[in-house]
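Nothing in this text is a laboratory measurement; each read-out follows from the coordinates by a stated rule. No experiment lies behind these values; they were computed from the predicted model shown. No Cβ is skipped: glycine too gets one built from the backbone with ideal geometry, and neighbour counts run over all protein chains shown.
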Ligand code: SF4
């Protein structure tokens, strides 16, 4: 769709709105395109007026929104942007006849609006109504957002100054999944990189731990992800976890999570190492329990290997086990998804995360054009998941959205009472800093007040990570500077969460 701006340059916000509302469209500027939208901003006295005129596949639409802008310049900028997005939404509603599940909300964390409403004094029910009436969110999604916002506010209350989350990334997997755009390397091709990677990682961990002690920071939640951390051998994992406990103050740490995402990497000896080091949570992520779907996405393991990994995890005595599922995978259908969820429920995982397929550039699904279920079929899968999980005693505790999601739906973490994974809430709601060690991670520094968030990125690939240790020093210096500054210097706003990959 050709985008034309008049009286403003809110390019990024409107591109994101376009992609969220009409995911099959891409913004273009110079080229001719039969579909177009002209988004204008003008002023009438002290009122800002946003108008969008749209032509979409032969249909037309017009959206107009106006309001008096109030507050600080920063707040006015946000109100202006929102006005433009709302006018675009209204025009798209008419021209494309859409009723998106999240209404006019296009951001990664739609429950932020509910958190803000409750912080202003609204009850969860009132916040739900605000989402439905002001943002056109469907009742099911508005309820989800109000529920996860309630959990976020409770977890926020429990955070004490100096608390951070620590993330360690292991960017190796047995094979590459069809939906993955992450930098993870298949261990078959990159076996020789693992040891040099771990050597540099342990050095980074030692200096990061020293830095945190000097800054008076303590770890509240630890998360090892990737990639697939359990591609490491039991000995490698033992040494890595020893390096971590030698380096960091874990006295106040409430949870220790290690992803064991690919069941074909789980062994009793690895699980024993994790238990011995006090790991309290693991993730065994089938994504689906349908063998034909597993084959289509290149996981190279079967559903029966998931059952075996879950048996081993139960025998090892882990208190919390998460299972990830994805709605909308190639070759899947609502019946297959239903069977997958029912099996996960029978297996007794206390956390079940239901993702919606996100079509990422660079993934095999996109590159090879694999056949995927329609948005309606994905909607049917999610329509089954929500009431079923509730009936089995699970509640939603965090949610987020990604670009290019099937049907513009969402990812939701569900858990049994008191089973919340704090790290997921911290990262999605930006409640505290996340210090990341390892390739591909991003360190997010969260200070007090709005806009006081900074990010630095680790080098992406294992080879560049191991060959350029100067980047680690640079990132740690930025982390130190963030905590050492005493003035109120403004910082750039966050650009999004660490991507969830599994
Ligand atoms: S989706 Fe996860 S398990 Fe699959 S290749 Fe990517 S990082 Fe590895």
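Under 1.5 on a/c is rounded, so check that first for the range 207-361, then, if it is not, pick prolate when a/b is larger than b/c and oblate when it is not; a ≥ b ≥ c are the square roots of the alpha carbon gyration tensor eigenvalues. Walk me through the intermediate numbers first.
Working: a/c = 2.21, a/b = 1.88, b/c = 1.18.
Prolate is the answer for the range 207-361, as a/c is 1.5 or above and a/b outweighs b/c.
Residues of the range 79-108 with an amide N closer than 16 Å to a point placed 7 Å from the Cα of residue 5 along the Cα-to-Cβ direction: 79-88. For the chain, take the longest principal axis of its alpha carbons; what is the angle in degrees between that and the long axis of helix 11-21, to the nearest 10 within 0 to 90? The helix 11-21 is inclined about 80 degrees to the chain. Counting every C-alpha pair in the chain, the share spaced more than 43 angstrom apart comes to 16%.
Quick check on the range 159-428: what are the equivalent-ellipsoid semi-axes from the Cα gyration tensor, as sqrt(5λ), descending, whole Å? Intermediate results must be reported in sequence, preceding the final value.
Numbers: eigenvalues 183, 90, 65 Å².
Gyration-tensor ellipsoid for the range 159-428: 30, 21, 18 Å.
Per-residue ellipticity at 222 nm for the chain, helices alone: DSSP H runs ≥ 4 residues times -39500 (n - 2.57), over residue total, nearest 500 deg cm²/dmol?
On the way: 16 runs with 213 residues, N = 502.
When only DSSP H runs of four or more count, the value is -13500 deg cm²/dmol.
Of all DSSP beta bridges in the range 159-428, what percent run antiparallel (nearest 5)? Rounded to the nearest five, the antiparallel share is 25 percent. Specify whether the C-alpha gyration tensor of the range 73-140 places it in the rounded, prolate or oblate class, a ≥ b ≥ c being the square roots of the eigenvalues: rounded for a/c under 1.5, otherwise prolate if a/b is larger than b/c and oblate if not. It is oblate, given that a/c is not under 1.5 and a/b is not larger than b/c. For the chain, the longest principal axis of the C-alpha atoms and the axis of helix 187-215 are separated by about 80°. Spatial offset of the range 240-279 relative to the range 307-384 amounts to 24 Å, using the alpha carbon center of each. A simple spin-label model places the labels of residue 24 and residue 252 5.2 nm from each other, with each point 7 Å out along Cα-to-Cβ.
Among 90, 403, 210, the order by Cβ neighbours within 10 angstrom, fewest to most, reads 210, 403, 90. Relative to the longest principal axis of the Cα atoms of the chain, the long axis of helix 73-96 lies at roughly 80 degrees.
Of the beta bridges in the chain, as assigned by DSSP with both residues counted there, near 50 percent are antiparallel. Each of 437, 65 has some number of other Cβ atoms within 10 Å of its Cβ, and from fewest to most they run 65, 437.
Can you order the peptides 215-224, 24-33 by their average number of other Cβ atoms within 10 Å per residue, highest first? Display every interim value, and only then the final one.
On the way: 215-224: 21.5, 24-33: 10.8.
With the highest mean Cβ count within 10 Å placed first, the list reads 215-224, 24-33.
Taking a point 7 Å out from the Cα of residue 12 in the direction of its Cβ, the residues of the range 75-96 whose backbone N falls within less than 18 Å of it are 75-86. If R0 is 51 Å, the Cβ-Cβ spacing of residue 69 and residue 392 corresponds to a FRET efficiency of close to 0.60. Label-to-label distance, residue 235 versus residue 77, with points set 7 angstrom from Cα along the beta-carbon direction: 5.4 nm.
Fewest to most neighbouring Cβ within 10 Å: what's the order for 192, 355, 301? Kindly include the intermediate steps, with their values, before the conclusion.
Numbers: 192 9, 355 24, 301 20.
Ranked by crowding around the Cβ, least crowded first: 192, 301, 355.
Distance between the C-alpha centers of the range 104-154 and the range 55-86? Whole Å please. Going from one Cα centre to the other spans 20 Å.
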